[in-house]
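Working notes for the structure below.
The values are calculated or read from the model by the stated rules, or taken from the named source; none is laboratory data. Since we're looking at a predicted model, the values are computed, not measured. Backbone-built Cβ (ideal geometry, glycine too); neighbour counts: all protein chains shown. We work out accessible area using only protein heavy atoms, side chains counted, and drop any ligands, DNA or RNA first. Shrake-Rupley method; radii C 1.70, N 1.55, O 1.52, S 1.80 Å.
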Amino acid sequence: MKSKNNKYTNDFIKKIIEDNNDFFIQTRHHLHQYPELSGKEVETSKYIKDFLDSWNIDYENAGDNSIVATIKGKKEKLENQKTIALRGDIDALPIMEETGLEWASKNPGVMHACGHDVHGTFMLGAAKILNELKDEFSGQVKIIFQESEENGAGAKKVLDSNLLNDVDTIIALHDSQELDLGTFALGYETMSAFGAGAHFVIETSGKKNAITVAGELVSLITTLAEENFSKSEQNVMVPTLIQTEEIKDNIPSKISVYYNSRTLNFSNEEIMQKVLLLAAEKTEDLFDCKIEAILRSPGKVVNNNKYFTDLAVDVIKKHFGEESVQFTRPVMSGEDFAHYQEKIQGTYIHIGGAVNNDYHILHTSKTCVDDKILSIGIEFLIRYVFEFFNKSDIKGK
């Protein structure tokens, strides 16, 4: 590693990142201007494939609009060569953008309010640079451009393609405007919430207003939740949509009520389901109506492998400074990266992109991290890949 011609040197990687920064920004702005909803990422996928084709990078389709690109290192072949996967999601949200940016969304009512324009750029930038550096590593890198993260369907589609069967580890970065630029937030084991849900269908005789019934149902769920859960634990049960389905004589007679629940303790999911069913039963008796409760089983949680999380920490401290590492607790959000981690050991990291104290949570009409996050995230991924290949032993299986 001491050769002056070795492209793994710090100076060379810094230089290649700087030389490509304009490309990173142009790519991010294009993706941001043309967002597409989950399952509809057709033009986004085509845009990505055009670059992969121009760089002669092999790729295969997965699911409907996902892409798995493969870059094979050309350095001397070693026994038991390893494969690492980088994952970035590419779908957007049904939100009207209000950032006021010159490169704001041109698709009315659709916005990259969860930063997937940045994630797509991370993947394209990493693909471009790793392809240029493939003479400098042995092993294989698979780069995943994933559809449909927001509706939870994308990761399963990629896994079902069997294109990741040979992957030894997987990593993902998620940008955050709640963290200062260049801060990496990560932790060990469980890092997200168990999420579940319910769909109640309320039907009345027509004389009773189904909206009144829905109000009582929501109130009762809140009361039962307070009675059954410790205040020291983080649990969330909230209605997300109340929708009238039928009206008789100007009175709503059929209504749908959708619920979302989150917990950091899996054992609480059973209690949540009992609360939902009991509330439906009691409300039925109170109003002499019919309530059908359709429960959705709990989802998976992000579960960071210690070995690979420590590897990421080492890379961050070495190349970005110890102050850039922030250990964090699990968050109450969900993330379908968890499905990959059921099959493949890996780590999931948040990276900060807030500047000038301009903080926003995800999924708002003004959420948009600074462009400077692009070079930081891509440099980290490149260095992480090289560090992974430089380690001869893989632990944590």
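Cβ separations smaller than 7 Å between residues 6+ apart or across chains give the following pairs from the range 193-219 residues that are more than 23 Å from residue 267 (Cα to Cα) to residues that are outside any strand (DSSP E or B) and of a type in the set (Ser, Thr, Tyr): 210/204; 213/204; 213/283; 216/283; 217/283.
If we only count strands (runs of 3 or more DSSP E) wholly inside the range 285-355, which ones have 3 or more residues that are open to solvent by 10 Å² or more (accessible area, probe 1.4 Å)? Break it down stepwise before answering.
Working: elements: 290-296, 325-327, 346-354.
Ranges flagged: 290-296, 325-327.
Would you kindly identify the strands (runs of 3 or more DSSP E) lying entirely within the range 1-91 that contain at least 3 residues that are at pLDDT 95 or above and open to solvent by 90 Å² or more (accessible area, probe 1.4 Å)? Give the derivation first.
Details: elements: 58-62, 66-72, 83-89.
In the range 1-91, 58-62 are the strands (runs of 3 or more DSSP E) which contain 3 or more residues that are at pLDDT 95 or above and open to solvent by 90 Å² or more (accessible area, probe 1.4 Å).
Scanning the range 144-182 for residues that are over 24 Å from residue 368 (Cβ atoms), over 15 Å from the mean Cα position of the chain (by Cα) and either assigned to a loop (DSSP other than H, G, I, E, B) or modelled with pLDDT under 95 (or both) yields 161, 162, 163, 164, 165, 166, 167, 168. Can we say residue 136 is over 20 Å from the mean Cα position of the chain (by Cα) and either closer than 23 Å to residue 39 by Cα or modelled with pLDDT of 95 or more (or both)? For residue 136, the condition - over 20 Å from the mean Cα position of the chain (by Cα) and either closer than 23 Å to residue 39 by Cα or modelled with pLDDT of 95 or more (or both) - is not met.
In a strand (DSSP E or B), closer than 27 Å to residue 133 by Cα and in contact (Cβ under 8 Å) with a residue 40 or more places away in the chain, is that true of residue 377? Quick ask: steps written out before the conclusion?
Numbers: in a strand (DSSP E or B): no; closer than 27 Å to residue 133 by Cα: yes; in contact (Cβ under 8 Å) with a residue 40 or more places away in the chain: yes.
In short, no.
Listed by first and then second residue, the pairs linking a residue in the range 156-172 that is within 13 Å of residue 66 (Cβ to Cβ) and open to solvent by less than 30 Å² (accessible area, probe 1.4 Å) to a residue that is part of a loop (DSSP other than H, G, I, E, B) and not small (Gly, Ala, Ser), with Cβ atoms under 9 Å apart and 6 or more places separating them unless they lie on different chains, are 158/147; 158/164; 164/344.
Within the range 338-355, the set of residues being in contact with a helix residue (DSSP H, G or I) (Cβ under 8 Å, 6 or more places away or on another chain) and either over 25 Å from residue 113 (Cβ atoms) or of a type in the set (Val, Ile, Thr) (or both) comprises 343, 345, 346, 347, 349, 351.
Could you count how many residues in the range 344-396 are among the polar types (S, T, N, Q) and closer than 17 Å to residue 316 by Cα? Within the range 344-396, residues that are among the polar types (S, T, N, Q) and closer than 17 Å to residue 316 by Cα number 3.
Scanning the range 105-140 for residues that are among the hydrophobic types (A, V, I, L, M, F, W, C) and touching a His at 6+ places or on another chain (Cβ under 9 Å) turns up 111, 113, 114, 118. Counting only strands (runs of 3 or more DSSP E) wholly contained in the range 188-280, the ones carrying 1 or more residues that are at pLDDT 95 or above and not polar (S, T, N, Q) occupy 194-203, 251-263. Looking only at the range 254-267, residues that are open to solvent by 10 Å² or more (accessible area, probe 1.4 Å) and out of contact with any Pro (no Cβ under 9 Å at 6 or more places or on another chain) come to 4 in all. From the list 256, 261, pick out the single residue that is on the phi < 0 side of the Ramachandran plot, touching a residue at least 60 places away in the same chain (Cβ under 8 Å) and in contact with an Asp or Glu (Cβ under 9 Å, 6 or more places away or on another chain). Result of the check over 256, 261: 261.
Residues checked against (1) under 16 Å from residue 376 (Cβ atoms); (2) of a type in the set (Ser, Thr, Tyr):
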residue: 315; (1), (2): yes, no
residue: 319; (1), (2): yes, no
residue: 324; (1), (2): yes, yes
residue: 333; (1), (2): no, yes
residue: 337; (1), (2): no, no
residue: 346; (1), (2): no, no
residue: 358; (1), (2): no, no
